[in-house]
Every structure is written in structure tokens, then in C-alpha cells.
Amino acid sequence: MHLETIAAISTAYGTAGISVIRVSGNDAIIKINQIFRGKDLTKVKSHTVHYGFIVDKDNNHIDEVMVTVLRAPRSFTTEDMVEIATHGGILVTEKVLKRVLETGIRLAKPGEYTERAFIHGRIDLAESEAVMDLISAKNEKAMQLAMQALRGETTKLINDLREELLAIIAQIEVNIDYPEYDDIEALTNAKIKPEIIKFISKLDEVLDESVKGRLVREGVETVIIGKPNVGKSSLLNALLKEDRAIVTDIAGTTRDTIEERVNIGGITLNLIDTAGIRDSSDYVEMIGVKRSKEAIKKAELVILVLDASETLSKEDERLIELTKDKRRIIVGNKKDLGIKTKLPNMLHLSTLEKEDIKRLEFAILEELKLSEINEDYKFLSNVRHIEKVEEAKEALNKALAAIEVGYPIDIVELDIRKAWELLGEITGDYYAEDLIDELFRRFCLGK
Ligand SMILES: Nc1nc2c(ncn2[C@@H]2O[C@H](COP(=O)(O)OP(=O)(O)OP(=O)(O)O)[C@@H](O)[C@H]2O)c(=O)[nH]1
Ligand SMILES: [Mg+2]
């Protein structure tokens, strides 16, 4: 397939030690050779680096550069590639790029290098998206997940699932050609139906596990709530390991929500400290309390702080009730003052004790069940992939419904095939042009 030769600045825009301009396509080496003074690049071996100068039309030096030559197919795009390392600096880099484009090379679109790797079959769609996920990973775990997908583990998971579905389809086909059962109903009810049910439960498993993937990528919305003065802000500071929120012994110190990101065992928590909740006549505090309640609604994890050195108050009980359906951790704070309140699952601690904070961090990971995330790769972290699995599940539920009402087997088969195709859209075995376009344009320029 012949595609135009493209170029773009692949390093971040700004002043830096060096910048890299990437060129890819059939004419990459010949064209860059025309504006390069140094060795004859058309003659050098692949994967070698060469010192020289990029020159303008009058042979004046624009910049002193190092040029890497990568010959097809051993490059990121599988095309001939040249990477020009210029002196960092916006002006110099742009001048060199302008000169590169003067040779007739076109400016690359965002994600076009990765798109080419996909078009040429070096990576599949799921792997391309993993490249993007890797670039935008905000924490260690998200990075690990993207790396796993990049190594092809998403592809393997999906291909295995598709294989199973294909086996079901094959059974139907065989039975249409060589009927083992006298009537269709016997076949669908005895064989196909239980297999679809089993397959749906497998998809459910993947979907359940995938929630973790999303939490890892996007961070976990975590809200700290409790009565005034129980030590919520102290807890926020302890988790952040800095004095972010104001702590005083005056009830009602925190009046508005405070948001901070904190990294726990490679997981990002979007931590929100709230105004203490109580019935109040203070207008400002009332608004704060309202926000706290909203924060609880949105939260994926609630840390409910109680003062364990006192007995439970009505407000405490209300908060316990209010958060009972949430993923939550109940903290019994101020244990150094003596413990008067004990509840099942209550984690007694003091915000002043480093060891206690470590125990809390561990409890958070346990609660999110994210501590063992690496062991088994049975989930997806990319939102588009998750949606496709959900759609496949819908199609299979339709197939089941069709069996229920006694539709002919070839009608049932249509829905099963649909599910098979939908799963194929994850790896790009099935795809629409505009999907590909849209996906790759989300990349950054030069990738
Ligand atoms: N003894 C003891 N005091 C604590 C502990 N944690 C916090 N405190 C104290 O409790 C008081 C209230 O702490 P804050 O962190 O401001 O409490 P808060 O829940 O954010 O209070 P509001 O913002 O008013 O709702 C401060 O005087 C803290 O020093 C602890 O573990 N033990
Ligand atoms: Mg506070």
C-alpha cells in the first residue's frame, strides 16, 4: 500500500534539550537526504544514527542534528522512517520542520503514525488504543494496564471469547446441514440455550472486572465525611502527607469541599474533604453541607469518620444510614483518647499515627479489591472496549429472548453472529472507516 510520506514534531511543544521530528513513508530517506549535509543517508544501514546539518535552499545550516534511519519493515509504522533530533527550542524545531515540508512531505495528522502501524497490520486496534492509553496514563497501575493491552493481552482475551462464540455458531450451522435433532426447539433448548447463558456469564465477569480497570485509569472518587470536628481534614492531610486543609478544634472549620489527588499503592484517589454534616443555621455552612451530600452521591468510595472516643450521636447514625449502600470505610478516629465506640468493620485509628494511616491505605485497596489487580488479566480498561462487550451481551440476550419465543434457529443465529462481530470491533477485525478516523485523531500530534 502506497501512502504519502508524513512528518511531525513528536516531542512535546516547548523549550527542551532536544526535539525529535519523525518522518515516515516511502520517500522519507530520499527526501531528508536532500536537505541533510553529512553521510549519504540513502546508503547507510538501517537503525544507525548520523551526525550532520539540515540546510536551507542556499545551503546555509539551519541546525546541527542527529539523524536516525530506520528502514522498512523494522520501524514503528513498518515504513521507512527518519527521526531528526534537533536542538530543542520552538523556533529551531519549527524551522527544521518547515524545511522538511518544503521537500513535498506532508504534515502528519494526530495519531497518524500509530494508524499506519495499524493499517500495515503491525498492531491491531486494541493495541493502538493501548498506545494512546499508555501516553495518557495518570498513574503507575494505569500504565501497567495499558502495557498489558499493548502486549496483546486484550486481543487474546477477546479472541478467546470470539472463538467460543464461533463454536456455538458452528454447532448451529452443522445442525442445519446435518440435523442431529428432529426439531429446532430440541436443539436450541438442549444445547444452544445453556451455552449462551454460560457465555453471557463470562461476559459479565469481564464487565465486573472491568470496573476496576476504569477506577484505575480515572481514579476513584473518594469522599471523606463525618460530623464537624471528628478529624476529617486531619485525615486528608495525613493521606496527602502535607498540611493541605486547615485543622482546628473549632467545629465547622471546613466550610467548602476541598479536592486533592493522592496516590495509594499505585491507585489514584480523587479525595474530597467535606464540611462536617450537622443541622446548622449558619448559611455558609448549610451550603457546604448540601455539597457534602452531593459528594456522597457521586462518590465511588466513602470514608466515614466518627470520633471513637465518644459515643455515637444521632448525626453519626444518620450518616451511617445515609452511606449504607456505598462502598465505604468506617473510621473510628481519635483512638489515642480511648475507645468508646466499637462497630463491626470500624477501623480504629489516630490521624497522628503513621502506622494507622498505612493500615487505612491497605483497607482502602482491599475495599476496592484493587490489590490483586495484576494477577489475572480478565478485564478491559478501555471504555470503548467495555461498551462493545456490553453491546455483545445485549445481542446475546436478544438471542435468548428469541429462543424463548420459539423463533427459528437461523433467526437466533443472527443475534449470536452480531455479538461475534461486536467483539471483533474491539480488535479491529470488524471496523468502519469513520471509527478508525475518529479513534486515531484523538491521539496527540506526532504519535
Ligand atoms: N486526639 C486526637 N485529636 C485529633 C485526631 N485527629 C484530629 N484531631 C483533632 O481534632 C480536631 C478537629 O480536626 P479537623 O481535622 O479539623 O476535623 P474536621 O472533621 O475536619 O472538622 P470540620 O472541618 O470542622 O468539620 C483538631 O483539633 C485536630 O487536631 C486524633 O487522631 N487524635
Ligand atoms: Mg475539616
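The values are calculated or read from the model by the stated rules, or taken from the named source; none is laboratory data. What you see is a predicted model, and the numbers here were worked out from it, not measured in a lab. Quick reminder, even Gly has a Cβ in these numbers, built from the backbone with ideal geometry, and neighbours come from all protein chains shown. Remember, those area values only see protein heavy atoms, side chains included, never the ligands or the DNA or RNA. Shrake-Rupley method; radii C 1.70, N 1.55, O 1.52, S 1.80 Å.
In the set (1) assigned to a loop (DSSP other than H, G, I, E, B); (2) surrounded by fewer than 23 Cβ atoms within 10 Å (Cβ to Cβ), the condition left unmet by E79 is number (2). Of all residues in the range 381-393, those that are out of contact with any Gly (no Cβ under 6 Å at 6 or more places or on another chain) and assigned to a loop (DSSP other than H, G, I, E, B) total 1. In the range 138-166, the residue that is surrounded by the most Cβ atoms within 10 Å (Cβ to Cβ) out of those that are in contact with a helix residue (DSSP H, G or I) (Cβ under 9 Å, 6 or more places away or on another chain) and of a type in the set (K, R) is K141. In this structure, I169 does not satisfy being within 16 Å of ligand 2 (Cβ to nearest atom) and either open to solvent by 50 Å² or more (accessible area, probe 1.4 Å) or assigned to a helix (DSSP H, G or I) (or both). Of all residues in the range 333-348, those that are more than 20 Å from F362 (Cβ to Cβ) and more than 16 Å from ligand 2 (Cβ to nearest atom) have Cβ atoms under 6 Å from Cβ atoms of residues that are modelled with pLDDT under 95 and hydrophobic (A, V, I, L, M, F, W, C), 6 or more apart or on another chain, in T341/L312. If you filter the range 235-250 down to residues that are open to solvent by 30 Å² or more (accessible area, probe 1.4 Å) and either within 9 Å of ligand 2 (Cβ to nearest atom) or basic (K, R) (or both), you find that the one that is nearest to I272 (Cα to Cα) is R244.
Take the conditions under 21 Å from V247 (Cα atoms), in contact with a Ser or Thr (Cβ under 8 Å, 6 or more places away or on another chain) and surrounded by 13 or more Cβ atoms within 10 Å (Cβ to Cβ) and apply them to I339. Does it pass? Criteria not met by I339. Exactly one residue out of I272, I267, I224 is touching a strand residue (DSSP E or B) at 6+ places or on another chain (Cβ under 7 Å), more than 16 Å from ligand 2 (Cβ to nearest atom), under 30 Å from F379 (Cα atoms) and not hydroxyl-bearing (S, T, Y): that is I267.
Candidates in the range 209-232 are the residues that are over 13 Å from the mean Cα position of the chain (by Cα) and open to solvent by 10 Å² or more (accessible area, probe 1.4 Å); of these, the one that is nearest to R327 (Cα to Cα) is E221. Out of the range 223-266, which residues are without any contact (Cβ under 8 Å) to a residue 60 or more places away in the chain, more than 9 Å from ligand 1 (Cβ to nearest atom), of a type outside the set (D, E, K, R) and not in a helix (DSSP H, G or I)? Correct list: T257, I258, V262.
Note on the range 402-419: residues that are open to solvent by less than 50 Å² (accessible area, probe 1.4 Å) and hydrophobic (A, V, I, L, M, F, W, C) total 6. Consider only pairs whose beta carbons are under 7 Å apart and that are at least six residues apart or on different chains; among these, list those whose first residue lies in the range 419-431 and is closer than 18 Å to D204 by Cα and whose second residue is assigned to a helix (DSSP H, G or I) and of a type in the set (D, E, K, R). That search, which allows pairs on different chains as well, returns W420/R162; L422/K388; L422/E391; L423/R162; L423/K388; G424/R162; I426/K388. Selection of first residues in the range 76-100 that are within 20 Å of N26 (Cα to Cα) and of second residues that are open to solvent by 30 Å² or more (accessible area, probe 1.4 Å) and in a helix (DSSP H, G or I), restricted to Cβ pairs under 8 Å at least 6 apart or on distinct chains, gives the following pairs, ordered by first then second residue: V100/K31. Where residues in the range 365-382 are of a type outside the set (V, I, T), over 16 Å from I158 (Cβ atoms) and open to solvent by less than 50 Å² (accessible area, probe 1.4 Å), which of them is modelled with the lowest pLDDT? For the range 365-382, the residue satisfying everything is L370. In the set (1) in a loop (DSSP other than H, G, I, E, B); (2) closer than 26 Å to L207 by Cβ, the condition left unmet by L414 is number (1).
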